[in-house]
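Report on the structure given below.
The values are calculated or read from the model by the stated rules, or taken from the named source; none is laboratory data. It should be emphasised that the depicted structure is a prediction, and the values quoted were computed from it without experimental measurement. As a convention, Cβ positions derive from the backbone with ideal geometry for all residues, glycine included, and neighbour counts pool all protein chains shown. These area figures cover heavy atoms from the full protein model, side chains too; ligands, DNA and RNA do not enter into them. Shrake-Rupley method; radii C 1.70, N 1.55, O 1.52, S 1.80 Å.
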Amino acid sequence: MALSDAEKAALEPLFGKIKADAEKIGCEAMESLFQHHPDTKSHFTHMDVTPGSQDLKTHGGKIIHAINDALSHYGNLQENLAKLRELHTNKLKLSVDTIKLLCGCLLEVIVKHFPDVDKSACDKFLNEVAVALISS
Ligand code: HEM
């Protein structure tokens, strides 16, 4: 289900703060993904997946910026994520369930840093991003 205007308005300042610390928060989400779901490391054999590595910071930053961009262009979510959908669906052959694993880890990290977050709106939005990243 789509975000209401109020939910979107609540998430925008939050993602402004997350974006300001994109590499740190993105890196923590990747670390949590690998800790809770070690199998997912198999997609990142070309990267240094040691906690806190520059690779994880750089990649984590890219993830946060993509999600923030998706919120900024929320009305055009599908179009905005078209290139990443092509990558994650056709090249990486990921499932929506795998994408959702990272969304769950990211939510956990966001709540840790920003306890006042509207958790259900954030969860809803991240789920929408996950669905838009994979074509059925
Ligand atoms: C909300 C979920 C996710 C978002 C927003 C996201 C976003 C991105 C972005 C922005 C890139 C960089 C694309 C580029 O450099 O052009 C990327 C690459 C990639 N993603 Fe995701 N991703 C997500 C989930 C996942 C998950 C769960 C996995 C695997 C378990 C994954 C595996 C990869 C891989 C292997 C690459 C290529 C990395 C490289 O070689 O640079 N992604 N993703």
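Details
- Sparse-neighbourhood loop sites, trypsin sites (Lys or Arg not before Pro) in the range 34-82 - DSSP loop, at most 14 other Cβ within 10 angstrom: none
- The chain - percent of accessible surface contributed by carbon and sulfur, probe 1.4 Å: 54
- Alpha-carbon centroids, the range 50-67 and the range 71-136: separation in whole Å: 15
- For a label point 7 Å along the Cα-to-beta-carbon line of Val111, residues of the range 19-45 with backbone N under 19 Å: 25-37
- Per residue, in Å², the accessible surface of the chain once ligands and nucleic acids are set aside, probe 1.4 Å: 55
- Calculated FRET efficiency for the pair Ser136/Ala2, C-beta based, R₀ 25 Å, to 0.05: 0.90
- Per residue, the chain reaches -21000 deg cm²/dmol at 222 nm when only DSSP H runs of four or more residues are counted, each adding -39500 (n - 2.57).
- Three-way shape call for the chain based on the alpha-carbon gyration tensor, with the a/c threshold at 1.5: oblate
- Asp123-Asp69 pseudo-label distance in nm [points 7 Å out on the Cα-to-Cβ vector]: 2.9
- Contour excess over end-to-end distance, with Cα ends at Asp48 and Ala82 and 0.36 nm allotted per residue: 9.5 nm
- Among 12-19, 90-97, the peptide with the highest mean count of other Cβ atoms within 10 Å heads the list, and the full ranking is 12-19, 90-97.
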